[in-house]
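The values are calculated or read from the model by the stated rules, or taken from the named source; none is laboratory data. The shown structure was predicted, so the numbers you read here are calculated from the model rather than taken from an experiment. Quick reminder, even Gly has a Cβ in these numbers, built from the backbone with ideal geometry, and neighbours come from all protein chains shown.
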Amino acid sequence: MVVKCSFFSLSETQGQIAMDCCLSVKHNVIPKHIVKSYQSQVRGQGCSIDAEIFITVKERKLCAPPNSPWVTELKDHTDRLIKKCPENNFKGKQCKRFKPKSS
């Protein structure tokens, strides 16, 4: 299952720096195998809602509710792989998406 969303907007912050912001979140569970990183969006820091933004292997940004149990589990899973994969020289199918691109 691939979840696609386009809930991003450019907004101007106090320093006039354009930011991508989630305008809403989806409650659909995002499959673990498509996520390579994530970042947090905090309301009041240029964006109107709190959200977790998951970045997929295809560079899509998926907005999720920050306090859902499945979101916490997905963040923990991603953190474990980000730490483990470099230690194992990016061996294994699940580590390929974390391997740095060679120039």
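Name every residue in segment 20-61 that is more than 23 Å from P100 (Cβ to Cβ), among the hydrophobic types (A, V, I, L, M, F, W, C) and surrounded by 12 or more Cβ atoms within 10 Å (Cβ to Cβ), in order of residue number.
C21, C22, L23, V25, V29, C47, I49, A51 - these are the residues of segment 20-61 that are more than 23 Å from P100 (Cβ to Cβ), among the hydrophobic types (A, V, I, L, M, F, W, C) and surrounded by 12 or more Cβ atoms within 10 Å (Cβ to Cβ).
Test A51 against the stated conditions and say whether it is modelled with pLDDT of 95 or more and of a type in the set (A, V, I, L, M, F, W, C).
It is true that A51 is modelled with pLDDT of 95 or more and of a type in the set (A, V, I, L, M, F, W, C).
Please state which of the following conditions K96 fails to meet, knowing it meets all the rest: (1) among the charged types (D, E, K, R); (2) modelled with pLDDT under 85; (3) surrounded by 14 or more Cβ atoms within 10 Å (Cβ to Cβ).
Only one criterion is unmet by K96, namely (3).
Give the residues of segment 1-46 that are hydrophobic (A, V, I, L, M, F, W, C) and either over 14 Å from the mean Cα position of the chain (by Cα) or modelled with pLDDT under 85 (or both), sorted by residue number.
Answer for segment 1-46, where residues must be hydrophobic (A, V, I, L, M, F, W, C) and either over 14 Å from the mean Cα position of the chain (by Cα) or modelled with pLDDT under 85 (or both): M1, V2, V3, C5, F7, F8, L10, I17, A18, M19, L23.
Regarding segment 70-92, can at least one residue be identified that is hydroxyl-bearing (S, T, Y), touching a residue at least 12 places away in the same chain (Cβ under 8 Å), in a loop (DSSP other than H, G, I, E, B) and surrounded by 13 or more Cβ atoms within 10 Å (Cβ to Cβ)?
Within segment 70-92, none of the residues are hydroxyl-bearing (S, T, Y), touching a residue at least 12 places away in the same chain (Cβ under 8 Å), in a loop (DSSP other than H, G, I, E, B) and surrounded by 13 or more Cβ atoms within 10 Å (Cβ to Cβ).
Kindly indicate the residue of segment 56-69 that is in a loop (DSSP other than H, G, I, E, B) and more than 12 Å from K36 (Cβ to Cβ) and also modelled with the lowest pLDDT among those meeting that condition.
From segment 56-69, those in a loop (DSSP other than H, G, I, E, B) are 57-60, 65-68; that's our starting set.
Imposing the further condition that a residue be more than 12 Å from K36 (Cβ to Cβ) reduces the set to 65-68.
Working: P65: 97, P66: 95, N67: 91, S68: 96.
Taking the candidates together, the pick is N67.
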